[in-house]
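Note sheet for the following structure.
The values are calculated or read from the model by the stated rules, or taken from the named source; none is laboratory data. Only a predicted model underlies this, so the values are computations on that prediction, with no experimental measurement involved. Note that each Cβ is placed from the backbone with ideal geometry, even for glycine, and that neighbours are counted across all protein chains shown. Side chains included, ligands, DNA and RNA excluded: accessible areas come from the protein's heavy atoms. Shrake-Rupley method; radii C 1.70, N 1.55, O 1.52, S 1.80 Å.
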Amino acid sequence: QVQLVESGGGLVQAGGSLRLSCAASGRIFGINTMGWYRQAPGKQRELVAAITSGGSTNYADSVKGRFTISRDNAKNTVYLQMNSLKPEDTAVYYCNAQRQLQYYWGQGTQVTVSS
């Protein structure tokens, strides 16, 4: 099993910044891709950004140029730096890890962007 614990959410004004962190523990050997998803009220969960163990990244079009995903393999932690936040970024953000064809999720952290 892999446990994921997110932190760093909160309330911010439009144009502001937040940094999310997700620490993995447990059976962390073999974790490949880690990423961030979000789910707004009444909407499906969507991919925000992902990063492989080798450092390749993938972003949703809506966050390109504003969000940056990074990973510290020594600390088993993935980060999401969110700049120029917009009200439409408001959602619960979930950390995800893929290991040996299994997917693990954190409990989520709320990000609220006020206009």
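Of V92, V12, V63, V2, all but one fail to be among the β-branched types (V, I, T), within 23 Å of V113 (Cβ to Cβ) and in contact with a Gly (Cβ under 8 Å, 6 or more places away or on another chain); the exception is V92. In summary, K64 fulfils each of the numbered conditions (1) open to solvent by less than 30 Å² (accessible area, probe 1.4 Å); (2) within 24 Å of N32 (Cβ to Cβ) with the single exception of condition (1).
When the range 17-41 is limited to residues that are among the small types (G, A, S) and open to solvent by less than 20 Å² (accessible area, probe 1.4 Å), the one that is nearest to the chain's Cα centre (by Cα) turns out to be G35.
Residues in the range 68-98 that are over 15 Å from M34 (Cα atoms) and either under 13 Å from the mean Cα position of the chain (by Cα) or buried (at least 18 other Cβ atoms within 10 Å of the Cβ) (or both): M82, L85, D89, T90, A91, V92. Assessment of the range 18-32 against the conditions (of a type outside the set (D, E, K, R) and farther than 17 Å from L4 by Cβ) yields at least one matching residue.
Of the numbered criteria (1) in a strand (DSSP E or B); (2) open to solvent by 30 Å² or more (accessible area, probe 1.4 Å), the one G55 fails is (1). Taking the listed residues L85, L4, L20, the one that is assigned to a loop (DSSP other than H, G, I, E, B), in contact with a strand residue (DSSP E or B) (Cβ under 6 Å, 6 or more places away or on another chain) and of a type in the set (A, V, I, L, M) is L85, with no other qualifying. Picking from residues in the range 99-115 that are open to solvent by less than 20 Å² (accessible area, probe 1.4 Å) and of a type in the set (A, V, I, L, M, F, W, C), the one that is farthest from L4 (Cα to Cα) is V113. Can you pull out every residue in the range 7-17 that is in a strand (DSSP E or B) and of a type in the set (G, A, S)? Selection gives S7, G10.
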